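My questions all concern the structure below.
The values are calculated or read from the model by the stated rules, or taken from the named source; none is laboratory data. Source: prediction; values computed, not measured. Cβ placement follows ideal geometry from the backbone for every residue including glycine, while neighbour counts extend to all protein chains displayed.
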Amino acid sequence: MTRADAIEQLSSREFDLLVVGGGVVGASVAAHAARLDLSVALVDAGDFGGATSSASSKLVHGGLRYLRLGDVRLVREAHYERRILTTVVAPHLVQRTPFLLPLYEGGPYRPAVVQSGIVVYSALARSRLHWLVGPDRARELVPQLRMGGLRSCGLYADATTNDARLCLANVRAAAEAGACVLNGAEVVALRSLDGRVTGAEVRVDGESVAVGARYVVNAAGPWVDHVRRLEDPSAGTSVRLSSGAHVLVPASGDWQAALTIPYDPVRVTFAVPWCGMLLLGTTDDPFDGDPADVQPTPESVGQVLDEASVAIEPSLVTADRVRAAFAGLRVLPAGDGESVRARRETVFTRGPGGMLSVAGGKLTTYRRIALETLSRLRTDLELHRLDHRPWPLPGAVHPGAVSLPIELEPDVRRQLLHLHGSLAREVLAPAREDPTLLERLHSDGPDIAAQVRYAATHEWARNAEDVIRRRTTLFYRGLDGPEITARVNELLVVV
């Protein structure tokens, strides 16, 4: 479906469900609803996954620190979701990763406490990978681990992901199930009849489009209260925001595990090998501005580097080695107290006109949140049953099971299979007639021109930023300069 086709459908059809917000939760709501044979529209004011859903710590995890906060239920649920994401839903995108938790003299945790916590954590995860390892074995797994004062390390397993691609896979699932999906489509007003919300006015490419729907789900993430006030101007504040900054530096050595670095009795920070880089972070600072303005500050970047240097050789985490930095917003339940201690609970509110708003939660449990959202609309939408069984997203396959029709350099092949899974064959198809599409976009990274073409024809990319930030790994490798932007724009113009 072309963009023009989608706009025409939005203006001419009456939908069962309009989902506002194309982050991972909104996309999953749309995908699950469309698979139930509901007519669904999914719109996002910016790009799909353009905010929180592409600015996370890239972790799909149970949340070891949540055990210390007493949230065993959340940890159990997150572990279940992690297992099905790595085995059924998106094994190409969500990959099991060992984690080390280094314990230094004078640190906030004692080895016996960590050992018992990891045993409980691993029991909830149904994993046998849980023990303490000595400094020498830890240095084999993480070659740049600081050894001074190191007593031992806890070892456990979680998973990492490309969050932006995971969101896009859910958008693709919604579209393949028949949903009408459109980015660059801002809801500026809600339509109502006899006091009940019946759709929205959507600004698309400078024009206003009236979208009719029996029910509306507001999954606008950091903008959730803004959309709520389109229904009820007197609506209060349902959430609070916390910013998290991340930094990427080049990796050094063969990292076989990620690090969970305890900073104080509540906070931890991470060092995760990701896209050939080390992803460091994150901060946790209250944010009360316009969500569109969130950016990493020099202070937050410095904090991330300082905290990483607790467990990583300081020469690896200096300011001059920073290749990229980004910040995202956590959506937390409204309340008092430090945001770092706030529970990662999902907030549901129902407005006077019937619109259901959903916000917050963890990336790991996005699927469960989407199903809970539809469960709250089950009677309204006349759903007789809601199937909670997991199903594979488009492209879902273990990368080793895919054969590609074109011989590629190993790093390019790995990248395509990780980002696209079995759909990598589709990505490469045009290169049979145009071999220039196999060219790298930058000599220092594995992204190729075919990915740009595919992003425009199959993944709703509208501009170079959509491609560089969310459909390739160029930004995270620090390969987003003017020459790359110009090259991407050239490829987009051809489409």
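Looking at region 7-32, I want the residues that are in the same structural domain as residue 214 (by TED's automatic domain parsing) and part of a loop (DSSP other than H, G, I, E, B) and have a partner that is modelled with pLDDT of 95 or more and of a type in the set (A, V, I, L, M, F, W, C) with Cβ atoms under 6 Å, at least 6 apart or on another chain. Which pairs are those?
Note: pairs meeting the criteria are 21/219; 21/220; 22/42; 22/48.
Restricting to region 388-414, count the residues that are surrounded by 11 or more Cβ atoms within 10 Å (Cβ to Cβ) and either among the small types (Gly, Ala, Ser) or without any contact (Cβ under 8 Å) to a residue 12 or more places away in the chain (or both).
Residues in region 388-414 being surrounded by 11 or more Cβ atoms within 10 Å (Cβ to Cβ) and either among the small types (Gly, Ala, Ser) or without any contact (Cβ under 8 Å) to a residue 12 or more places away in the chain (or both): 4 in total.
Let me ask another. Tell me which residues, restricted to region 130-155, are in a loop (DSSP other than H, G, I, E, B), surrounded by 14 or more Cβ atoms within 10 Å (Cβ to Cβ) and free of Cβ contacts under 8 Å to residues at least 40 places away in the same chain.
The one that is in a loop (DSSP other than H, G, I, E, B), surrounded by 14 or more Cβ atoms within 10 Å (Cβ to Cβ) and free of Cβ contacts under 8 Å to residues at least 40 places away in the same chain: 130.
Further, regarding this structure: Residue check: is residue 373 among the β-branched types (Val, Ile, Thr), surrounded by 17 or more Cβ atoms within 10 Å (Cβ to Cβ), modelled with pLDDT of 95 or more and part of a helix (DSSP H, G or I)?
The answer is yes for residue 373.
State all residues of region 295-330 that are of a type in the set (Lys, Arg) and more than 23 Å from residue 264 (Cβ to Cβ); if no residue qualifies, say none. Reasoning before the result, please.
Quick first cut of region 295-330, residues of a type in the set (Lys, Arg) only: 321, 323, 330.
Residues satisfying the conditions are 321, 323.
Now a separate question. Using the structure shown, decide if residue 440 is of a type in the set (D, E, K, R) and crowded, with 17+ Cβ neighbours inside 10 Å.
no
Are any of the residues in region 280-291 in contact with a Pro (Cβ under 9 Å, 6 or more places away or on another chain), outside any strand (DSSP E or B) and buried (at least 21 other Cβ atoms within 10 Å of the Cβ)?
yes
Any residue that is closer than 24 Å to residue 2 by Cα, modelled with pLDDT of 95 or more and either assigned by TED's automatic domain parsing to the domain that holds residue 48 or in a loop (DSSP other than H, G, I, E, B) (or both) - is there at least one of those in region 442-459?
Yes, that holds for at least one residue.
Assuming residue 478 fulfils every condition listed in (1) surrounded by fewer than 16 Cβ atoms within 10 Å (Cβ to Cβ); (2) small (Gly, Ala, Ser); (3) touching a residue at least 40 places away in the same chain (Cβ under 8 Å) apart from one, which condition is it?
(1)
Matching residues to (1) outside the structural domain of residue 291 (by TED's automatic domain parsing); (2) modelled with pLDDT under 95; (3) under 21 Å from residue 170 (Cα atoms):
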position	(1), (2), (3)
338	yes, yes, no
351	yes, no, no
361	yes, yes, yes
393	yes, no, yes
408	yes, no, no
